[in-house]
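Reading through the structure tokens given below for one structure.
The values are calculated or read from the model by the stated rules, or taken from the named source; none is laboratory data. What you see is a predicted model; the values in this text were computed from it and never measured. Here the Cβ positions follow ideal geometry from the backbone for every residue, glycine too, while neighbour counts run over all protein chains shown.
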Amino acid sequence: MRFLLLTAACLALFLQACNHPPNKKQLLALAPKPKPDTTKTTAAAVVQHDSICIAAVGDMMLGTSYPNNYTLPPDSARNSFNVIADELRNADVTFGNLEGSLLDGGNPAHYKLHQKSKAYLFRMPTAYASVFKDAGFDILSLANNHIGDFGDTGRISTTRVLDSIGINYGGLLTHPTTVFERNGIKYGFCSFAPNANTLPILDLKNATRIISELKQRCDILIVSFHGGGEGVAYEHVPFAMESFISEKRGDVHAFAHNAIDAGADVIFGNGPHVSRAMEVYKNRLIAYSLGNFCTYKCVSVAGVCGLAPLLKLHLNKNGEFLNGRIISLRQAHDKGLELDSLNRAAIRIRELTEADFPDAGLVISDTGEISLNPVIQSENL
């Protein structure tokens, strides 16, 4: 009898449900709750705490067509950056120093022809500009001692070619600065050198004016300089005016600090053809020299000159240094760029940093990771 009553009750409930199905709210209440989407949460956190990534390298010269094509790579430079292209492209902004002009034909500047060996006059075919573009370079410095190897003809050709493919540049008296935008951030760039027709590294007062005015037009200001002596005897920052072959090459330490005081957010040095130390000054990073990076045939890559660091930095949106990494490569004239599993570029930069700037506020690991030293940073507050 009890079984029959229960069956009848269940049947009644079933019929009631058919005539009055549960509403949407009841169904939602009965449905199992979905698990939280941790992927979306993580992504939102990354966006909220987003930083700016800047990649930077030193001197680049992909071969010269002067005096003949023997000093041009057989692949027309197309594979110059293949081994590291993904890292170059994986940044908000990628920077390098263009050591020479982009020019098809033309004669050397008269004074250059008398001062330099023919092997050290750098003229890259204009088609090579696409190699830099494809590798991800956004900014090139033209402030150096080789942009004038072929005089005004070389400078004009270089700027026209870079304009045509959308690569930003600065450092010439005719084009000292640039401002461009990436992902809603306005970047400014200028560069300085001790050479004719470039922004003068020796005039600190003028540099202050240019940098401070440019800072008013951008969010993040990148400054480059070409300064210091050249070669293995010039790995250390001397904290004084440097000269090389009777030419004043600047007091790079004074220049860098002056530039940050004027509004620069990060500073990339080049010129010595070897890596130099790094330091943090007023929460801004200074790399005193990034050495050679991709220099086919005509630039020595023996010993420490063959170390080719790629510096990747993370800054906050105020331009303050957060952390970074030195990716170590080496180059040889017969093989070009190769990744260095021994991390020699990173280790050498760490050694130079510890020697020249023991209170630099940086920790560089064996694998090239760069972080702020919390002890030194707290002492400097």
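Take L339 and decide whether it is farther than 30 Å from Y70 by Cβ, out of contact with any Cys (no Cβ under 9 Å at 6 or more places or on another chain) and in contact (Cβ under 8 Å) with a residue 60 or more places away in the chain. Here the answer is no, as L339 does not meet what is asked. Within the range 230-243, residues that are touching a residue at least 40 places away in the same chain (Cβ under 8 Å) have Cβ atoms under 6 Å from residues that are assigned to a strand (DSSP E or B) in these pairs: E230/F244, counting only partners at least 6 apart in sequence or on another chain. Scanning the range 100-112 for residues that are loosely packed, with under 14 Cβ neighbours inside 10 Å and modelled with pLDDT under 70 yields a single hit, Y111. Per the conditions (1) part of a strand (DSSP E or B); (2) touching a helix residue (DSSP H, G or I) at 6+ places or on another chain (Cβ under 9 Å); (3) more than 25 Å from R276 (Cα to Cα), the sole criterion not satisfied by F180 is (2). The range 56-172 holds helices (runs of 4 or more DSSP H) entirely within its bounds, and those carrying 2 or more residues that are in contact (Cβ under 8 Å) with a residue 60 or more places away in the chain and at negative phi map to 85-89, 129-135, 151-165. Hey, any hits in the range 180-189 for a residue that's touching a residue at least 12 places away in the same chain (Cβ under 8 Å), loosely packed, with under 13 Cβ neighbours inside 10 Å and within 23 Å of G319 (Cα to Cα)? The answer is yes; a qualifying residue exists.
If only residues of the range 72-99 that are touching a helix residue (DSSP H, G or I) at 6+ places or on another chain (Cβ under 8 Å) and surrounded by 18 or more Cβ atoms within 10 Å (Cβ to Cβ) are counted, the one that is farthest from F150 (Cα to Cα) is L88. For the range 323-355, a tally of residues being modelled with pLDDT of 95 or more and buried (at least 17 other Cβ atoms within 10 Å of the Cβ) returns 20.
Any chance the range 303-314 includes a residue that's outside any strand (DSSP E or B), modelled with pLDDT of 95 or more and of a type outside the set (A, V, I, L, M, F, W, C)? The answer is yes, given that some residue of the range 303-314 is outside any strand (DSSP E or B), modelled with pLDDT of 95 or more and of a type outside the set (A, V, I, L, M, F, W, C).
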